[in-house]
Amino acid sequence: MIYIINKKFVAFFACLLIVFMLLSIFSNSRVTATYTRAPVEEELFFPAFNVNVNDDDKLIALTFDDGPSREYTTKILDYLESKNIVATFFVLGIRLKGNDDILIKMVKTGCEIGNHSYNHKQFIHLKSDEVKKQIEYVDNYVRKVTGFSIRSVRTPYGEINEAIGKAINRPIILWNIDSEDWKKKDAKKIADHVLSDVDSGSIILLHDIFDFSYEATILIVEELLAQGYKFVTVSQLLELNDRNSDGLVFRSK
Ligand SMILES: [Zn+2]
């Protein structure tokens, strides 16, 4: 009898162990929360500076987070190239392997590659050396494959505090227009939302991991080109600022 009970207990705990192992593998193999939420002042814990752009300049910085993706980043890049315009791609380390050609094309077409961390963990829960490792992985991979040295960083969820700012010690780029593409899931709604808010110097946040974001990009670009806007990378936008931008947070007005 004791033998039978023990056997049942062993089987039960073995099952429990397998379930926990599967859960942990599953949670590590995916990006736990992919999407970026708009930062509010209380969450920043750090001063943010606006990029100073004249209204007449009509400059726009399109930014794409959480890629690259084989399916959508390539389509977006082809489209941008066909219009001869540039954007900035804040890439994730876990999505780099197997996508070397996409990174090379970004650089070749004049787009900027930005650093969005290794695996989108919340930086406010990491130690400084872990933050540095998250950033270094992407820096090193991109430099090795493309020769491009990443300058701009966008932290996951736009989370910043003083320790994160010090650990990163270079420009941290937020946004002033959150397309809310992941929430709206409709190209027309996304484009209307962005276009209702846009002005010179806007930094627009999109994600290059959805079809509706790709379609919204076309609608946004067509309309802004018709209105006479020019597209720049975030580094080009930052060049308009006269201060040393290392470790500072930037977003538009
Ligand atoms: Zn993100």
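Some points to look at:
- Cross-link reach list, lysines versus K230, counting only Cα pairs under 30 Å and skipping chain neighbours closer than eight places: K58, K75, K83, K105, K108, K183, K184, K185, K188, K189, K253
- Under 13 Å, Cβ to Cβ, from H116 - net charge with Lys/Arg +1 and Asp/Glu -1: -3
- Here region 73-140 is assigned +1 on the Cβ of each Lys and Arg and -1 on the Cβ of each Asp and Glu. Its dipole about the Cα centre then comes out at about 160 debye.
- Overall dimensions of region 41-251, expressed as equivalent-ellipsoid semi-axes from the Cα gyration tensor (√(5λ), whole Å, largest first), are 25, 20, 16.
- Between the beta carbons of A163 and R143, assuming R0 = 22 Å, the FRET efficiency works out to 0.30 to the nearest 0.05.
- Subtracting the Cα-Cα distance of S200 and V107 from 0.36 nm times their residue separation leaves 31.0 nm of extension gain.
- Calculation over all alpha carbon pairs of region 91-187 in 10 angstrom steps from 0 returns a P(r) of 15, 45, 33, 7 percent.
Taken together, the values in this text are just the output of simple stated rules run on the coordinates, not laboratory data. Since this is a predicted model, take the numbers as computed values, not measurements. Note: ideal-geometry Cβ built from the backbone for every residue, glycine included; neighbour counts use all protein chains shown.
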